[in-house]
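Chemist: I have a structure I would like to understand better, so I am pasting it below and will then ask my questions one at a time.
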Amino acid sequence: MLSDREFEDWCRRLCLPETTKELVQKIRNSEPVRKVGGGRKNVCGSYPSRKMGKTIQFESHKVELPAIVEYENDEDVLEYYDQPIRLSLSFHSLSGRCVVTSHTPDFWVMRRNSAGFEEWKASERLKILARKQPTRYQQSEEGRWHAPPAEMKVQAMGLYYYLRTDLEINWIAYQNYQFLQGYFNQENTVKKEVRKTVVECINANPGVTLKELLESTNTDWADDIYALIGTKQIYVDLKAVALNEPEKVHLFSSQEMASTYDLIIAQKTSARIASGQRIDVAIGSTLVWDGKSWCVIQIGDTKIALQSENELIGLTHANFDALIAQKEIIHIQPLSAKTTDIWEQIKCASSEDLAVANYRYKVIEPYLHGSPPINSSVPERTVRSWKSKYHQALNNYGWGYIGLLPNRGKKGNRVDRFSPDTWEFIDQIIEQHYENLKQRGKLATYGILVREWEKAGKTDPCPSRITFCKRINQREKVGQTRHRQGSRAAYQKSPFYHELTLSTPIHGSRPFEICHIDHTELDIELVCSRTGRPLGRPWATILIDAFSRRIFAIYLTFDPPSYRSCMMVLRICVQRFGRFPETLVMDNGVEFGSIYFETLLAAFSCTKKQRPSASPRFGSLIERFFGTSNTEFFYNLKGNTQITKQVRLVNKTNNPKVQAVWTLPELYEYFCKYAYVIYDSREHPALGMSPNAAFTKGVNQSGMRYGQKILDDENFKIFTLPSTAKGSAKVIPRLGIKINYIYYWSIDDSFLNPEVESTQVQVRYDPFDVGTAYAYVKGNWVRCISEYYSSLQGHSEKEIRLISIELRQQKNQYNQKIAIRAKELAQYLESAEAQEVLQTQRLHDLAATDLRDLIYKNGRKQTSSTLTQCPVDSDEAISTEEVSQTHQLNTSAIELGKIQAYSQEELWQ
């Protein structure tokens, strides 16, 4: 960001008026004027900006997020801000009425020599808006979009307003910037000997591919090579080729060397083509010959050079091999009108039509060369007809093969029985009486059609019921279902992604790039290990890697989803792998929208993406694991709740609450064994390999990324603790810091220091133990204990919340936000009444404490030696008795069908 002096110099250089300068300063010092939402289809979120030192909101991960990444890596962009200001715009509607509306541009962008507002929209969306509001959205002859009302509004202030579309996004550059995200600030991490060796190798072999360099050097050098690319010490055209395809990435010592190399290759290629030599050109590359650029594609074994990508229409069918002479490379000049017609006919032909044309061509080919076969099974008259059609097409198009297409789709009577007005009348009846929430049947709606037909006095015969029903079935299904049953029912009929394009960010290109986090209530009843009392069904929080489908972390608790579960699952991820996800995909749960959670993600440069409401397909990976774990694991355990899905079948004998024998820590151990070992080492149908193998392969190719490693120490655990809304607290002399109405004092008496008294310090509190908090004093985190530590120690934040509600109810002030003092909390905790009110919650907290002790006890030792091991022998089984004795998971596999739960005696004795 610019300093005050740099900002003044920038305003002076752009000659901004004083009023504009004040507006810019207001935007720079203010928060966004609105909080974005993804709507029904868009994935919204926040991006941790290195350039701005804050999170930037985006409403779409296909339009605005790539724009943010572009700003982030564009040296011309000095600063940028999301949702900066509300503009009042006026324009005329289609009816001529003057419309005044409030508009918030997506971004305010400060460039070196200009500044203004930039609004990003999908190009297809803009076409729809231009039809509805032609005076507000317009497209120039050059294809650039404009918003005249907004442009006129800001031009008087010396600013610009750009309407930009997703067509301007360079998706290859976007992927590369995301790939190099962890290497941009790693100048000093590359070893000198590695840099020297790599640069010498590139200088000796200009244009060497990244794959060749990775294979020829030490396997541990991948991170250093990517760091050299990210810090621009070696040159790669990041806008032309994706780094996740190393066989296509050419490396150079500088941009000038890359330009020289391209020129030399182009000259050599032109010389070889001109001399008739056969050349080997990479598919998808561009070559220069005869002063023109040619795009190279492949059909079968034949390579074809075309002059533009628009000429690729119709050239992807496998049967086109018969259309092209067997040459290594063919040059097709810019398409004429006749040639365009040829490709249109080929594109419209079905596979059956092409098969018929290929057969006919094989039959008449000997006749065309003057050597007809002696014995032919095809009648001579038929051969003459085919030859005639071939020669006629040859004269008309220059390609006789077109005449051999049967064109079956054009045969028969193609005249519609009903006029367009009749179909319009029928569609109106369907829209008004069938496609609504009344959900009328087709027969009832047809009766309305007959009635309205007679009322309208139409002389034409009314369509039959069968024709009417066919018309209903031909209408768009998603919209029809939305009108009849609502948006959630329509979502089930919406199409899946059937094509992966550069703009379709599905599952990432490497481990940790995209991770999904979600909660589910497990289908099993648990009991207390101390009392045997049923505790209900636990909640599981899962973190899964989208690229490798590997389960990074699992956390179980009896509490409903909260930021505490999110905190623990991220702790476990760092404990196991020493890494933090780069992008975290989640639903719209309240726990994901807390300030604490967003601050935690921003601190570790994690992009937050929230999938649309009621759209489980956006989280299909983790939703699928929930279903798989139920059928393969939980439904094999005693006390599972399958029977409760048929409530009438439940009785005292088969009730899961009676059958329950598993405790929370024991279930966690077995679930970890299943997820971290068995599921991790079994071949995944979508990958063709195990998640562990996919993870290892991805890490080896994309680098270990040591610059993103996180040390799992006490400081990290404290950092993951929540803070107050303010984030800091004042050190009050003789009392300490006040957090959630409770005073805490430092255990080392650092609050007695005169330099610390009456100052603001950063604070964190432990949600699992309200008796303990932490304060950042003079560069160190200091543990603090509450004023009633003996009474509050070990009690969770949720338990204290329940106490506060109970005390407010006793005071008849349940709906008032009054402060409950620490003394009142301590007295209530020690009372007999609290034993009854909080009994269930205390048992839940005790089980959760045992589980956390198990996690911290095993720690790095368990994750490095046991849980991350892949080889599993499915024929070996581990008994539950052995687990109860050792309380350790070993590398033997669980045979899920033979798991036996603990007996009552083993549990309670």
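Chemist: Quick one: in region 512-530, which of the residues that are closer than 13 Å to L843 by Cα and touching a Phe, Trp or Tyr at 6+ places or on another chain (Cβ under 8 Å) is surrounded by the fewest Cβ atoms within 10 Å (Cβ to Cβ)?
Modeler: Taking the candidates together, the pick is V527.
Chemist: For region 508-521, check the following and say yes or no: at least one residue is in a strand (DSSP E or B) and more than 25 Å from F716 (Cα to Cα).
Modeler: yes
Chemist: Six or more apart or on different chains, Cβ atoms under 6 Å: show the pairs whose first residue is in region 231-254 and in a helix (DSSP H, G or I) and whose second is β-branched (V, I, T).
Modeler: Every condition considered, the pairs that remain are E247/T209; K248/V241.
Chemist: Follow-up. Note down all Cβ pairs under 9 Å where the first residue falls in region 542-556 and is over 16 Å from I855 (Cα atoms), the second is β-branched (V, I, T) and in a loop (DSSP other than H, G, I, E, B), and they're at least six residues apart or on different chains.
Modeler: From region 542-556, the pairs are D545/I514; A546/I506; A546/I514; F547/I514.
Chemist: Moving to a separate point now. From the list P665, P612, pick out the single residue that is in contact (Cβ under 8 Å) with a residue 60 or more places away in the chain, outside any helix (DSSP H, G or I) and not basic (K, R).
Modeler: P612
Chemist: What's the number of the only condition in (1) loosely packed, with under 13 Cβ neighbours inside 10 Å; (2) of a type in the set (D, E, K, R); (3) at pLDDT 85 or above; (4) closer than 19 Å to N407 by Cβ that E365 fails to meet?
Modeler: (4)
Chemist: Report the residue count in region 772-796 for those that are buried (at least 21 other Cβ atoms within 10 Å of the Cβ), within 14 Å of Y743 (Cα to Cα) and among the small types (G, A, S).
Modeler: Final tally of qualifying residues: 3.
Chemist: Please return the ranges of helices (runs of 4 or more DSSP H) entirely within region 762-872 where 2 or more residues are more than 30 Å from N692 (Cα to Cα), modelled with pLDDT of 80 or more and of a type in the set (S, T, N, Q).
Modeler: Once the helices (runs of 4 or more DSSP H) in region 762-872 are filtered for at least 2 residues that are more than 30 Å from N692 (Cα to Cα), modelled with pLDDT of 80 or more and of a type in the set (S, T, N, Q), nothing remains.
Chemist: Please pick out the residue among L621, L584, L600 that is part of a helix (DSSP H, G or I) and either among the charged types (D, E, K, R) or in contact with a helix residue (DSSP H, G or I) (Cβ under 9 Å, 6 or more places away or on another chain) (or both).
Modeler: On inspection, the qualifying residue turns out to be L600.
Chemist: May I ask you to say which residue of V208, V190, V194, V199 is surrounded by fewer than 16 Cβ atoms within 10 Å (Cβ to Cβ), among the aliphatic types (A, V, I, L, M) and within 29 Å of K232 (Cα to Cα)?
Modeler: Checking each option against the conditions leaves just V199.
Chemist: Check whether at least one residue in region 596-608 is modelled with pLDDT under 90, under 18 Å from G508 (Cα atoms), surrounded by fewer than 21 Cβ atoms within 10 Å (Cβ to Cβ) and not charged (D, E, K, R), and report yes or no.
Modeler: The answer is yes, given that some residue of region 596-608 is modelled with pLDDT under 90, under 18 Å from G508 (Cα atoms), surrounded by fewer than 21 Cβ atoms within 10 Å (Cβ to Cβ) and not charged (D, E, K, R).
Chemist: What strands (runs of 3 or more DSSP E), lying completely within region 1-100, carry at least 3 residues that are surrounded by 11 or more Cβ atoms within 10 Å (Cβ to Cβ) and of a type in the set (A, V, I, L, M, F, W, C)?
Modeler: Hits in region 1-100: 87-92.
Chemist: With respect to the numbered conditions (1) surrounded by 13 or more Cβ atoms within 10 Å (Cβ to Cβ); (2) out of contact with any Asp or Glu (no Cβ under 6 Å at 6 or more places or on another chain); (3) not assigned by TED's automatic domain parsing to the domain that holds T445, which one is the sole condition not fulfilled by D427?
Modeler: So D427 meets the others, but not (3).
Chemist: Check whether at least one residue in region 698-720 is loosely packed, with under 15 Cβ neighbours inside 10 Å, within 24 Å of the chain's Cα centre (by Cα) and among the acidic types (D, E), and report yes or no.
Modeler: no
Chemist: Anything in region 409-420 that is exposed (fewer than 10 other Cβ atoms within 10 Å of the Cβ) and under 16 Å from F468 (Cβ atoms)? List them, or say none.
Modeler: D416
Chemist: Go through region 495-518 and give me each residue that's aliphatic (A, V, I, L, M) and at pLDDT 50 or above.
Modeler: The answer is I506, I514, I517.
Chemist: Another question about this same structure. Restricting attention to region 141-161, which residues are surrounded by fewer than 20 Cβ atoms within 10 Å (Cβ to Cβ) and either in contact with a Lys or Arg (Cβ under 8 Å, 6 or more places away or on another chain) or aromatic (F, W, Y) (or both)?
Modeler: P148, Y160
Chemist: While we're looking at this one, here's another question. Can you tell me how many residues within region 615-640 are more than 32 Å from the chain's Cα centre (by Cα) and either surrounded by 20 or more Cβ atoms within 10 Å (Cβ to Cβ) or without any contact (Cβ under 8 Å) to a residue 60 or more places away in the chain (or both)?
Modeler: The total comes to 3.
Chemist: Would you mind stating whether F592 is aromatic (F, W, Y), under 21 Å from the mean Cα position of the chain (by Cα), assigned to a helix (DSSP H, G or I) and crowded, with 17+ Cβ neighbours inside 10 Å?
Modeler: Answer is yes for this residue.
Chemist: Quick check on this structure: which one of I542, I572, I554, I643 is under 19 Å from the mean Cα position of the chain (by Cα) and of a type in the set (V, I, T)?
Modeler: I542
Chemist: Next question, about the same structure. Show the residue pairs that are 6+ apart or on different chains and have beta-carbon atoms under 6 Å apart, the first residue being within region 709-738 and in the same structural domain as N780 (by TED's automatic domain parsing), the second being assigned to a loop (DSSP other than H, G, I, E, B) and hydrophobic (A, V, I, L, M, F, W, C).
Modeler: Going by the 6 Å Cβ cut-off, the qualifying pairs are V731/V756; I737/V731.
The values are calculated or read from the model by the stated rules, or taken from the named source; none is laboratory data. Predicted model only: the values in this text are computed from it and were never measured. For neighbour counting, all protein chains shown are included, and Cβ atoms are generated from backbone atoms with ideal geometry for every residue, glycine included.
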